[in-house]
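Since the structure comes first, as structure tokens, the remarks are kept for the end.
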Amino acid sequence: MSSVFSKLIVKTSATCGIRRERLTKGVVGIVTTLYLLKLGYPYLVGGGKRKKTKNESGGQSDGKSLKENHCEKRHNEDGALSTVVNGNKKVSGGEVNVGLDRAFLRQLITLLKIMVPGWRTKEAGLLACATFALLTRTFLSVYVATLEGQIVKRIVLRDVRGFFHMLARWFAIAFPATFVNSAIRYLEGRLALSFRGRLVEYAYKMYLSQQTYYRVSALDSRLGGAEQRLTDDLSELASSVAHLYSSLTKPLLDCALVGIALASFSARMGARTVPGPLLAAAVIALTGQVLRVASPRFGQLVAEEASRRGRLREAHARISAHAEEIAFYGGHRTEHRYLNTAYKSLVVHLRRVLALKLGYVMLEQLLMKYVWSGTGLLVIAMPLLYKTGTTSARTNSLDNDGDGGVGERTRYLTTSKNLLSSGADAVERLMSSYKELVALAGYAARVNEMLDVFKDTALCKYRRNVVTASQLRGINGDALHRPDRAIEFHDGVPVIKGIIRESTDGSISLTDVPVVTPNCEVIVPSLTLHIEPGDHLLITGPNGCGKSSLFRIVSGLWPVYGGTLTRPAESYSICSGRPAMFYIPQKPYMTIGCLRDQITYPAETKKEQCSDEELLRLLDLVDLRGLAEREPEGLDALGDWDSTLSGGEKQRLAMTRLFYHAPQYALLDECTSAVSLEAEGAMYETAKQRGITLLTITHRVSSLAKFHRLLLRFDGDGGWSFGPLDPDTGTVTKEREQMDKLETETKEGHYQKLQEFREMLSADTHVGIS
């Protein structure tokens, strides 16, 4: 390449009549200028944008309206969702600038305490073994470099016997060297697996306790989806920490031992030991500072890449979860558009990362490959080219060896070259580790944010886009004005003021409890009711009026923002030997496992604890015994039950699950909408015979009224009525009495007016006889 460039310079100089030195300087100057412009252009553009934004915000500060102060969302040019809050822009997936700062240090220390919980753990032992292997590898590197110098010296001296002796030593050291290299890789992999195991155990324990898995998706919007962080991010974090330990520890050991060895060889050659290492350290420090200043923000880029990969994964998961619905609607083109949008957003970001890396890698190779190599040659040559008085004395002693000191100088050059090569590789790995360290900061920030959200949601601290206006959601989603506020806010965060108590008699009661959605829309400002075991309750009303929301509040899924909620105590459930509440949705959940697991879910019941005859009798109650008989394995048959069973079969199987657990209260959310009226009546009657109190959400009041005693009716505008159920009319008894009273009063009023009208006619009418 250099010869082609030289020929081009000579040809251009001869053609244009320009001196070669001036032409070469001009080309170098132009290339350098263009490169500096490439490095400085992003900073100039960023400064101009910040100045323009500042001027615009200053010009508009006097005329801001309340609507302009509200938070609005928009898409960047590269497809990233961004949020503008009062003029401050924060990119989703990277709200905080990720870098090597104190926050990263605190996060890393927190995560290291999870990965290495103590010095007597398996991880500590693996770290000790890895450290010993790295230290051994460094000593072997110095020994191999010295041995290669001895071999070259024997070649120069034509010492055949000494050459074969050194060659035998070189082959002998190859076996432990290869073993140590393989052991380092093996220990690095074991460390990554151990670190990941600790992180997964810690994260899964938090995720699957206190309903955190539900709260982070339904009540909190900071994570979006935790799947990406629980899988890929944890794996990448563990691998990065394990790899960085070896890629940082070994180069530091190499630098220290190589520096000591070079100083020793320089002193042996009679040179000063300070100038060479000092020059090398100064060049390394200067180039490191240049690389640090020119380095892009790899941590923020890695965090944003992980976030966009997570959105693409969620898009694919949504199609898999709702494939049948999408196929019925023929929505493949719309889903294709969503997938392309998520994929293009990721590709745009990856192209941006590659463009940023291009200039940085060019500068990195220039400094590390050429500047460092030239400095190394100068450090090697200094003891031989620059002589002092001591150096002359040492040189005279070397010249007396019989070969004029050529062999010793050759040995010194070979050994020093190998040591400098090892040292340069070590420093280069340290410099390259900066990028890996910044990438580690991105993964650490995402994992630490996930763990913080898990802790907050476990303590009922949620962050979500909320409706802070004093409005009430109507029957069709319309906003109805309400003078008083059912919930209070502090700094834009709703305050949870409700009280949850445990009842010793197994009753459920709500006293002035508001029904509020996770985004703080008030559906019912205040609800009061009391239910005791045996009080079968029928809940009805229009869509979106708060029926299912009431179940979520009673079950403890949603927070109680006000009033008092009383639920059965755990001690009462233990004494009765039955769960307090059991929820059956309209679309039942089919777990992974055999048919027996579908009936006993979520309990882990073995075959010895519950016989097949008992489970078959339960299936008989819902007319599903044939489901087990048609399978060769019977109740142990495995299958994809969610896709093989029809909607009605799944609902009946869910009722079998209810009969198996026999809870005190059954929360039935239109759980029989896909079965016939006869089968529905038989299942409700069986549930009552088993002592299960029914809390049923339905739109078919007339068919289920005879199985319930109480009725809770929502009107969809925040109002409700609660009382005894009249089976004939499907209304509350009080309402029936009021209607009858109103009808009687209306009839009496009509009769009274008719009588008055007749009296007026009789008084004013005169009949004459002509």
Is it fair to say LEU658 is modelled with pLDDT under 90 and on the phi < 0 side of the Ramachandran plot? no
I'd like to know if the range 149-165 contains one or more residues that are under 21 Å from SER247 (Cβ atoms) and assigned to a helix (DSSP H, G or I). no
Could you check the range 187-239 and list, in sequence order, the residues that are in a helix (DSSP H, G or I), more than 24 Å from ALA439 (Cβ to Cβ) and at pLDDT below 85? SER217, ALA218
Filter the range 601-659 for residues that are basic (Lys, Arg) and within 40 Å of the chain's Cα centre (by Cα) and give the result. LYS606, LYS607, LYS650, ARG652, ARG657
Quick check: is even one residue across the range 593-601 surrounded by fewer than 16 Cβ atoms within 10 Å (Cβ to Cβ), farther than 18 Å from PRO663 by Cβ, without any contact (Cβ under 8 Å) to a residue 60 or more places away in the chain and not polar (S, T, N, Q)? yes
Within the group LEU711, LEU694, which residue is touching a Leu at 6+ places or on another chain (Cβ under 6 Å), aliphatic (A, V, I, L, M), modelled with pLDDT of 85 or more and closer than 30 Å to VAL516 by Cα? LEU711
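The rows are residues; the columns are (1) over 17 Å from GLN211 (Cα atoms); (2) of a type in the set (A, V, I, L, M); (3) in contact with a Cys (Cβ under 7 Å, 6 or more places away or on another chain).
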| site | (1), (2), (3) |
| --- | --- |
| GLY544 | yes, no, no |
| SER548 | yes, no, no |
| GLY556 | no, no, no |
| PRO559 | no, no, yes |
| GLY563 | yes, no, no |
| THR566 | yes, no, no |
| GLU570 | no, no, no |
| CYS575 | yes, no, no |
| ALA580 | no, yes, no |
Is it fair to say ALA355 is out of contact with any Lys or Arg (no Cβ under 6 Å at 6 or more places or on another chain) and assigned to a helix (DSSP H, G or I)? yes
Being of a type outside the set (A, V, I, L, M) and at pLDDT below 85, is that true of even one residue in the range 580-589? no
Give the range 488-516 a look and list any residue that's among the charged types (D, E, K, R) and within 22 Å of TRP720 (Cα to Cα), or say none. ASP512
Count - residues of the range 694-711 that are within 17 Å of CYS671 (Cβ to Cβ) and assigned to a strand (DSSP E or B): 4
Out of the residues in the range 194-252 meeting the condition of being closer than 22 Å to ALA128 by Cβ and of a type in the set (Val, Ile, Thr), tell me which one is surrounded by the fewest Cβ atoms within 10 Å (Cβ to Cβ). THR249
From GLU685, GLU735, grab the single residue that is at pLDDT below 85, surrounded by fewer than 19 Cβ atoms within 10 Å (Cβ to Cβ) and under 60 Å from the mean Cα position of the chain (by Cα). GLU735
Do we have LEU312 as surrounded by 14 or more Cβ atoms within 10 Å (Cβ to Cβ), assigned to a helix (DSSP H, G or I) and out of contact with any Pro (no Cβ under 8 Å at 6 or more places or on another chain) here? yes
Out of curiosity, is LEU472 at pLDDT below 60, assigned to a strand (DSSP E or B) and buried (at least 16 other Cβ atoms within 10 Å of the Cβ)? yes
Counted residues in the range 147-190 being within 30 Å of ALA133 (Cβ to Cβ), touching a residue at least 12 places away in the same chain (Cβ under 8 Å) and of a type outside the set (Asp, Glu) come to 19
Of all residues in the range 433-455 being touching a residue at least 12 places away in the same chain (Cβ under 8 Å), among the charged types (D, E, K, R) and surrounded by fewer than 24 Cβ atoms within 10 Å (Cβ to Cβ), the one that is farthest from SER209 (Cα to Cα): LYS435
Unique residue being of a type in the set (S, T, N, Q) and loosely packed, with under 12 Cβ neighbours inside 10 Å when the list is SER573, SER643: SER643
Is at least one residue of the range 170-183 under 30 Å from ARG229 (Cα atoms), touching a helix residue (DSSP H, G or I) at 6+ places or on another chain (Cβ under 8 Å), loosely packed, with under 14 Cβ neighbours inside 10 Å and not aliphatic (A, V, I, L, M)? no
From the list PRO518, PRO533, PRO542, pick out the single residue that is of a type outside the set (A, V, I, L, M, F, W, C), surrounded by 19 or more Cβ atoms within 10 Å (Cβ to Cβ) and part of a loop (DSSP other than H, G, I, E, B). PRO518
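The values are calculated or read from the model by the stated rules, or taken from the named source; none is laboratory data. Being a predicted model, the structure only gives us computed values, none of them experimental. Virtual Cβ from ideal backbone geometry, glycine too; neighbours counted across all protein chains shown.
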